[in-house]
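Heads up, the thing below is written out as structure tokens.
The values are calculated or read from the model by the stated rules, or taken from the named source; none is laboratory data. Please read these numbers as outputs of a predicted model, since none were measured by experiment. Neighbour counts run over all protein chains shown; Cβ positions are idealised from the backbone, glycine included. Accessible surface areas use protein heavy atoms only, side chains included; no ligands, DNA or RNA. Shrake-Rupley method; radii C 1.70, N 1.55, O 1.52, S 1.80 Å.
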Amino acid sequence: MRCEEIRQQLGPYLDNELPSGVEALVSAHLEACKTCRLESAALNRLASQLERAPSVPVPDALWNSIEHRLDTESPRVVTPPPIEPVWAGRRGPLALAAAVILAVGLGTMGLMSSESHAQPSVSFCVLLDALPLDAHKAFRKFLVLYDAKQVTPVEARRHAPELSFDTPTTLPGGFRLQGVYLLRFGERPGIAARYDRNGEFLAAIFHTPVRQEHHGTHKDLPCVVGQHRGHKVQVGDWKLVHLTDPTTCHCVLSRLDEQSELPSIMAVVAPPAR
Amino acid sequence: MTEKDLIQRCRQGDRVAQRELYERTSPKVYRLLVRMLRNTDDAFDLAQDVYLKAFAQIDKFDGRSAIATWLYRIAVNEALQFLRRVNIARERLQQMGVAATVEPHGNGADARLDVEGSLATVAPTDRALLLLRYQEGLDYRSIADALGCAEGTVASRLNRARERLRVLLKGGYGNREGTTSPMHPKGSG
């Protein structure tokens, strides 16, 4: 065998992956060829370095997190009772609240349509799990998960014409718009917006509404913004509130009080369905 | 409990068996994810996904490979998909002039020198190959199972991955430092 052929076999030779006949040929060649011996030694040192990796202890919390998700993400389908949307004549947050269907549940959600079972899903787990540690980071992870692309508010409307939402430059209470993002929930577009008020973080996420969804970790609580049934998911001080109309599920993540500040913000980001 | 018994009980949703499978395999799976992603937070998240997927799909495990190899396969797929998403998002955000929106991967605590540092810069698929061979100690057949490729291609892909790594290293390997292939005297061999 020529040196070039031997070099192709050196890796498998050092990995003990060669048939015995070929291995003997390589061994014999290395006995006779100093250059290939040096190459073999270099590869051997590289292998040794690669094998000397520092140990990586498994975090104690990992199994608990897995078990928690095993308990909470089992596919228990929850179908909210039908509530007729009544959009006409809505004024203010209470009327808005009365006119929406609030999707129940988080976790993995099938999108509402006749082909809902075949549709891609929206998972808020990555957002909720990391919230207590760092809300900004949790939101960034959510953006990454759904291929976020930053867009202008106008572009957001153009890319997601089927969704009804608003991302004004300011929200009631003095929150200022920091960024709008186009997301991809499978084949469906979604929109996210990030707001700030003197370091206080608020995010809004809009996606196609759901009729059926796998129940998440939350409890089905009394409505947070009005008379309709609904829910919020609370993780520490953080609340993720869903407000759904026939075209769009509006989700707001904030630490705001649901009786005072939140309703006016929900009313702005969730305009009447077109 | 034998691996076969363990898997059978996992198929029945036995939580004790699931925990046992986790205990037996998580050091390998988590270590591979940390090395692939170079970020312990992301590895923590993806490790959860790996086990949830494994428990949900364990009926699909056909027993032709070790269960650890099957878990490696899920872990590698999850890691490659995640890195792809991160790269796409980062490129898009950079194009929009907002590179800081997605934090770069590889935090300071995870940064390592020399081989580890170079390993982090090779293509994710090459990294997976090298990690499975040298840090997880898999033979070529198991690597092929874990990566879903033919056993015959593992050797050539490993050769290429090693060469790319050596190009990046540029030094530290005796009198062949910085070279990707030795200069042979004409007619040798």
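In this structure, does residue A:65 turn out to be in contact (Cβ under 8 Å) with a residue 60 or more places away in the chain, out of contact with any Gly (no Cβ under 8 Å at 6 or more places or on another chain) and either within 9 Å of chain B (Cβ to nearest Cβ) or of a type in the set (Val, Ile, Thr) (or both)?
Working: in contact (Cβ under 8 Å) with a residue 60 or more places away in the chain: yes; out of contact with any Gly (no Cβ under 8 Å at 6 or more places or on another chain): yes; either within 9 Å of chain B (Cβ to nearest Cβ) or of a type in the set (Val, Ile, Thr) (or both): yes.
Against the criterion (in contact (Cβ under 8 Å) with a residue 60 or more places away in the chain, out of contact with any Gly (no Cβ under 8 Å at 6 or more places or on another chain) and either within 9 Å of chain B (Cβ to nearest Cβ) or of a type in the set (Val, Ile, Thr) (or both)), residue A:65 qualifies.
State whether the residues of the range B:46-64 include one that is under 20 Å from residue A:68 (Cα atoms), of a type in the set (Ser, Thr, Tyr) and open to solvent by less than 10 Å² (accessible area, probe 1.4 Å). Steps first, answer last, please.
Filtering the range B:46-64 down to residues under 20 Å from residue A:68 (Cα atoms) leaves B:46-58.
Of the ones still in play, those that are also of a type in the set (Ser, Thr, Tyr) are B:51.
With open to solvent by less than 10 Å² (accessible area, probe 1.4 Å) added as a condition, the list becomes B:51.
The answer is yes; a qualifying residue exists.
So in the range A:122-131, with the set limited to residues that are in contact (Cβ under 8 Å) with a residue 12 or more places away in the chain and open to solvent by less than 30 Å² (accessible area, probe 1.4 Å), which one is farthest from the chain's Cα centre (by Cα)? Working first, answer last.
Taking the range A:122-131 as the starting set, the residues that turn out to be in contact (Cβ under 8 Å) with a residue 12 or more places away in the chain are A:122-129, A:131.
This time we only want the ones that are open to solvent by less than 30 Å² (accessible area, probe 1.4 Å), so: A:122-125, A:127-128, A:131.
On the way: A:122: 7, A:123: 6, A:124: 6, A:125: 7, A:127: 6, A:128: 9, A:131: 12 Å.
The residue in question is A:131.
Quick one: in the range A:160-208, which of the residues that are assigned to a loop (DSSP other than H, G, I, E, B) and of a type in the set (S, T, N, Q) is farthest from residue A:249 (Cα to Cα)? Reasoning before the result, please.
Narrowing the range A:160-208 to residues assigned to a loop (DSSP other than H, G, I, E, B): A:160-169, A:172-174, A:186-187, A:198-199, A:208.
After this cut, where a residue has to be of a type in the set (S, T, N, Q) as well, the list is A:164, A:167, A:169, A:198, A:208.
Values: A:164: 9, A:167: 14, A:169: 20, A:198: 27, A:208: 6 Å.
Of everything passing the filter in the range A:160-208, A:198 is farthest from residue A:249 (Cα to Cα).
What pairs come out if I take residues in the range B:149-161 that are more than 11 Å from chain A (Cβ to nearest Cβ) and pair them with residues that are crowded, with 17+ Cβ neighbours inside 10 Å whose C-beta lies under 7 Å away, six or more apart or interchain?
Final answer for the pair search is B:150/B:144.
Residues B:36, B:1: which one is more than 28 Å from residue A:51 (Cβ to Cβ) and either without any contact (Cβ under 8 Å) to a residue 24 or more places away in the chain or in a helix (DSSP H, G or I) (or both)? Let's see the steps before the verdict.
Numbers: B:36 fails: more than 28 Å from residue A:51 (Cβ to Cβ).
Answer to the selection: B:1.
Could you list all residues from the range A:12-25 that are surrounded by fewer than 11 Cβ atoms within 10 Å (Cβ to Cβ) and either of a type in the set (A, V, I, L, M, F, W, C) or at positive phi (or both)? Spell out the reasoning first.
From the range A:12-25, those surrounded by fewer than 11 Cβ atoms within 10 Å (Cβ to Cβ) are A:16, A:19-21; that's our starting set.
Correct list: A:16 only.
Using the structure shown, decide if residue A:28 is farther than 30 Å from residue B:56 by Cα, more than 9 Å from chain B (Cβ to nearest Cβ), surrounded by fewer than 17 Cβ atoms within 10 Å (Cβ to Cβ) and at pLDDT 90 or above. If you could, list the steps in order and put the result at the bottom.
Details: farther than 30 Å from residue B:56 by Cα: yes; more than 9 Å from chain B (Cβ to nearest Cβ): yes; surrounded by fewer than 17 Cβ atoms within 10 Å (Cβ to Cβ): yes; at pLDDT 90 or above: yes.
In short, yes.
So which residues in the range A:132-148 are surrounded by 22 or more Cβ atoms within 10 Å (Cβ to Cβ), more than 8 Å from chain B (Cβ to nearest Cβ) and either in contact with a helix residue (DSSP H, G or I) (Cβ under 7 Å, 6 or more places away or on another chain) or free of Cβ contacts under 8 Å to residues at least 24 places away in the same chain (or both)?
Residues satisfying the conditions are A:138, A:139, A:142.
Any residue in the range A:60-79 that is out of contact with any His (no Cβ under 9 Å at 6 or more places or on another chain), surrounded by 12 or more Cβ atoms within 10 Å (Cβ to Cβ), more than 30 Å from residue B:21 (Cβ to Cβ) and modelled with pLDDT under 85?
Applying the first criterion (out of contact with any His (no Cβ under 9 Å at 6 or more places or on another chain)) to the range A:60-79 yields A:60-71, A:79.
Right, trim to surrounded by 12 or more Cβ atoms within 10 Å (Cβ to Cβ) and you get A:62-63, A:65-70.
In the following step, the residues that additionally are more than 30 Å from residue B:21 (Cβ to Cβ) were identified as none.
There is no residue in the range A:60-79 that is out of contact with any His (no Cβ under 9 Å at 6 or more places or on another chain), surrounded by 12 or more Cβ atoms within 10 Å (Cβ to Cβ), more than 30 Å from residue B:21 (Cβ to Cβ) and modelled with pLDDT under 85.
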